[in-house]
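Written below as structure tokens is the structure these notes are about.
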Amino acid sequence: MNSSLLELIFLSEKRKDLLLFLKEGPKTIEEIKNYLDAGSVAVLPQLKKLREASLVFKTEDVYILSPLGIAVAGKMQVMVSLLNVFGNCYEYWANHAIECIPTPLRNKIGDLENCTFSEPPDRTRLFDPHREFVENLATSKRIKGIASIFHPLYPSLFLTFAKKGVDISIIVTRPVYERIKEEYRTEFREFIHFRNACFYVCDEKIELSHAVTDRFLSLSLPFSDGTFDHKQDVMCFYPIALQWGEDLFAYYRDRSEKINEI
């Protein structure tokens, strides 16, 4: 898109929303006004500008995207979703290492546009798993997780889920795996013998941690300087975000070794 076209679309919320609304199909002027919650005086000038730019045309009593408008609107949603993600909490994303997210998933980060952020309850529990994370995990029927850091509560926690019959799959880095074998050998051996539990070790560099279940996605990113952030996690509950989390897990699972015995 050239600069004039970008300005036409993104310098007006109404024009942006109009194009995305018409992406769903032809609309009457009444449908447009109801959708935008605006009157003719506010809507008609915006439609006129879009028609002059050959993005929209009118036939009989409905407005329709032109072939050019269809092409533009198809690319807009990706950009709008991306801006919504970063605009939701710009300071967080600016200060964290989003480059540690694999490129295929980083290219789809707009799927996280409805994310929120969880935090530990108070500074005395700064390094504990976040309450919102644990509560949602406890009611999940399927759990997949990636751990780039070691937390002493996790071996017993995940063993508990396996005993309850929850489908659980975990990917860890080689250093985390070695520590689990050394300090939690008994719990680990019991965990991998459950038919509903899978454990993988990845030798590629992983700097993030994440969990995705049938209920939610949790994503922990390091700060830009590489320091792990124990305070804030990205939380998402929408299906498109859960699929993003599934894809992230699959990305590393395909690059990992499954552990069946120690």
Next on the checklist: Given the criteria in a loop (DSSP other than H, G, I, E, B) and among the acidic types (Asp, Glu), does Glu261 qualify?
Outcome noted: yes
Checklist outcome for this item: Taking segment 137-175 and keeping residues assigned to a helix (DSSP H, G or I), open to solvent by 20 Å² or more (accessible area, probe 1.4 Å) and touching a Phe, Trp or Tyr at 6+ places or on another chain (Cβ under 6 Å) leaves Pro155
Item to check | Entirely in segment 1-44, the helices (runs of 4 or more DSSP H) that have 1 or more residues that are at pLDDT 90 or above and either open to solvent by 40 Å² or more (accessible area, probe 1.4 Å) or over 14 Å from Leu55 (Cα atoms) (or both) | outcome: 29-36
Checklist entry - So which of Phe216, Phe188, Phe194 is in contact with a Pro (Cβ under 7 Å, 6 or more places away or on another chain) and either modelled with pLDDT under 95 or open to solvent by 10 Å² or more (accessible area, probe 1.4 Å) (or both)? => result Phe188
Checklist entry - For segment 55-90, how many residues meet the condition of being more than 32 Å from the chain's Cα centre (by Cα) and open to solvent by 70 Å² or more (accessible area, probe 1.4 Å)? => result 4
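The values are calculated or read from the model by the stated rules, or taken from the named source; none is laboratory data. Model, not experiment: these values are computed from the prediction. FYI the Cβ positions are ideal-geometry reconstructions off the backbone, even for glycines, and counts take in every protein chain you see. Keep in mind that these areas ignore ligands, DNA and RNA; they rest on the heavy atoms of the full protein, side chains included. Shrake-Rupley method; radii C 1.70, N 1.55, O 1.52, S 1.80 Å.
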